[in-house]
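Peer 1: My structure is below; once you've seen it, I'll send some questions.
The values are calculated or read from the model by the stated rules, or taken from the named source; none is laboratory data. Quick caveat, the model's predicted, so the values are computed rather than measured. Cβ sites come from the backbone with ideal geometry, for glycine too, and all protein chains shown count toward neighbours. Side chains included, ligands, DNA and RNA excluded: accessible areas come from the protein's heavy atoms. Shrake-Rupley method; radii C 1.70, N 1.55, O 1.52, S 1.80 Å.
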Amino acid sequence: MINLRVNNQDVEVDVPGNATLLAVLSNDLKLRGQKFGCGVSQCGACTVLIDGEPVKSCQTPVTSAIGRSVTTLEGLRDSNGGPGALQQAFIEEQAAQCGYCTSGMIVAAQALLDRNASPTESDIRIALSGNLCRCGSHNRVVRAVLKAAGSPA
Ligand code: FES
Ligand code: FES
């Protein structure tokens, strides 16, 4: 058994030690925000936070999250279970097309906002440089993050 803390809840999972964090979150804990895209740490669709830092969960062993705090897209809801401020900004800016990259974008952007409440466009583009969008929604994503930070473009 492996004990984890995910979205501020203690959970216990019966998984092999070489399981990836992505597999455990998606298959065992039934959290569907993070996505399997490339599987080789290139696209960012699987991004979650460990102790507030974005990680590519497809290449992160679940054991590396033991004793640390994991946050997924689901953990970014507001206190009523609705979209958090950043999620709402993504909705308002229509920052998703197919939506496959969106969870990873939001999670990575949240990490940025948590350490820099007033990022510039350049800060945002650098912070999200590891998150690819094949639909080309990057400009709307940037607008959404600026809006969430209170600096609408
Ligand atoms: S699925 Fe993890 S980076 Fe692409
Ligand atoms: S919205 Fe389709 S990959 Fe980004």
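Peer 1: Can L73 be described as buried (at least 22 other Cβ atoms within 10 Å of the Cβ) and in contact with a helix residue (DSSP H, G or I) (Cβ under 7 Å, 6 or more places away or on another chain)?
Peer 2: Numbers: buried (at least 22 other Cβ atoms within 10 Å of the Cβ): yes; in contact with a helix residue (DSSP H, G or I) (Cβ under 7 Å, 6 or more places away or on another chain): yes.
Yes: the conditions hold for L73.
Peer 1: Also, quick follow-up: Pairs, please: C-beta under 6 Å, at least 6 apart or cross-chain, first residue under 14 Å from T20 (Cβ atoms) and hydroxyl-bearing (S, T, Y) and in the range 56-83, second open to solvent by 40 Å² or more (accessible area, probe 1.4 Å) and modelled with pLDDT under 95?
Peer 2: Short answer, once both residue conditions are applied: T63/G17.
Peer 1: Here is a follow-up. From A45, A89, A95, A144, which residue is within 16 Å of ligand 1 (Cβ to nearest atom) and open to solvent by less than 50 Å² (accessible area, probe 1.4 Å)?
Peer 2: Unique residue meeting the criteria: A45.
Peer 1: If you don't mind, there's one more thing I want to ask. Scan the range 75-99 for residues that are within 14 Å of ligand 2 (Cβ to nearest atom) and either over 14 Å from the mean Cα position of the chain (by Cα) or in a loop (DSSP other than H, G, I, E, B) (or both) and jot them down.
Peer 2: Within the range 75-99, I91, E93, Q94, A95, A96, Q97, C98, G99 meet the criteria.
Peer 1: Just one of (1) surrounded by 13 or more Cβ atoms within 10 Å (Cβ to Cβ); (2) within 12 Å of ligand 1 (Cβ to nearest atom); (3) assigned to a loop (DSSP other than H, G, I, E, B) trips up V40, so point out which.
Peer 2: That leaves (1) as the condition not met.
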